[in-house]
1. Once fully extended, how much extra length lies between GLU92 and LEU134, figured as 0.36 nm per residue of separation less the alpha-carbon to alpha-carbon distance?
2. When only C-alpha pairs under 8 Å and at least 6 residues apart count, what is the relative contact order of the chain, in percent?
3. About its Cα centre, what dipole magnitude does region 85-147 give when the only charges are +1 on Lys and Arg Cβ and -1 on Asp and Glu Cβ, stated in debye to the nearest 20?
4. Can you tell me the 0 to 90 degree angle between the C-alpha axis of helix 5-17 and the longest principal axis of the chain, rounded to 10?
5. Go through LEU93, GLN156, ALA18 and say which Cα lies farthest out towards the positive end of the charge dipole of the chain; charges sit on Cβ, +1 for Lys and Arg, -1 for Asp and Glu.
6. When the helices in the chain are scored as -39500 (n - 2.57) per DSSP H run of 4 or longer and the sum is shared across all residues, what 222 nm value do you end up with, to the nearest 500 deg cm²/dmol?
7. As I understand it, the dipole of region 47-129 uses +1 on the Cβ of Lys and Arg and -1 on the Cβ of Asp and Glu, about the Cα centre. Which of SER75, TYR118, ILE102 lies farthest toward its positive end?
8. So, with +1 on the Cβ of K and R and -1 on the Cβ of D and E, and no other charges, what is the size of the charge dipole of region 5-185 about its Cα centre, to the nearest 20 debye?
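Each reported figure results from applying straightforward, stated rules to the coordinates on display, with no laboratory input. Here the structure is a predicted model, which means the values were calculated and not measured. No Cβ is skipped: glycine too gets one built from the backbone with ideal geometry, and neighbour counts run over all protein chains shown.
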Amino acid sequence: MTGNSGESMKRLLDVLRARDISLASVIERHVGAPPELEVVSQARIKPPHPGWVSPPLPPDADLLRRCTRYRYRDSKLSYNLAYVDPAAAGPELAGPIADGRIHLGEVFASARVRKLGYEVGSDRDEPCVRAAVLEWWSGDGPPRPYAWRRYAAALQGTIAFVVLEVLPTATWNGLLDQADIARVTGDPG
């Protein structure tokens, strides 16, 4: 990507502001192939929950915390942290999510899921995002600088999911550069 780091961050934040498509679709559009979803960790957790998770999820609920990332070849394209309220998701979704038979991208493709409360920012904007990244990604988290998007998702009017997606700027600089896209995909444009 050409330009200064402020311009790079602005372009990455613009990618995250696109609400009509999934992050996997955005990645596929830029690299020319679907990304691989890697489940890094998953656990049932008891309260108390981080302040950015509860609310909107119930403060007294046992939740499923799922750390994943999208990869393309050797590049880690995103670091995703999702909290699922199994009671709100219902057994027909909560079980397959917990078992790894479906992932949230598949769930969120459904017309019955409504995403809301979008927030975007950078690694300098909000301390609780940085804390979540440090706590759950340890030494294998995204390098700074990075951009993030946080939102909730509801089923039939009840919020069942809270998601944090983090995109490292250094990785995405190449993806947002048209010449690099052509090199990665083999398409001369």
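1. Numbers: separation 42, 0.36 × 42 = 15.12 nm, distance 3.22 nm.
Using 0.36 nm per residue and subtracting the Cα-Cα distance, I get 11.9 nm.
2. Working: 310 pairs, mean separation 46.6, N = 189.
Computed over the chain, the figure is 25 percent.
3. Details: 7 positive and 10 negative charges, 39 e Å.
I would put it at about 180 debye.
4. It works out to around 50 degrees.
5. Looking along the dipole axis, the top candidate is GLN156.
6. On the way: 8 runs with 66 residues, N = 189.
Calculated mean residue ellipticity at 222 nm is -9500 deg cm²/dmol.
7. SER75
8. On the way: 23 positive and 22 negative charges, 27 e Å.
Charge dipole, region 5-185, about its Cα centre: 120 debye, nearest 20.
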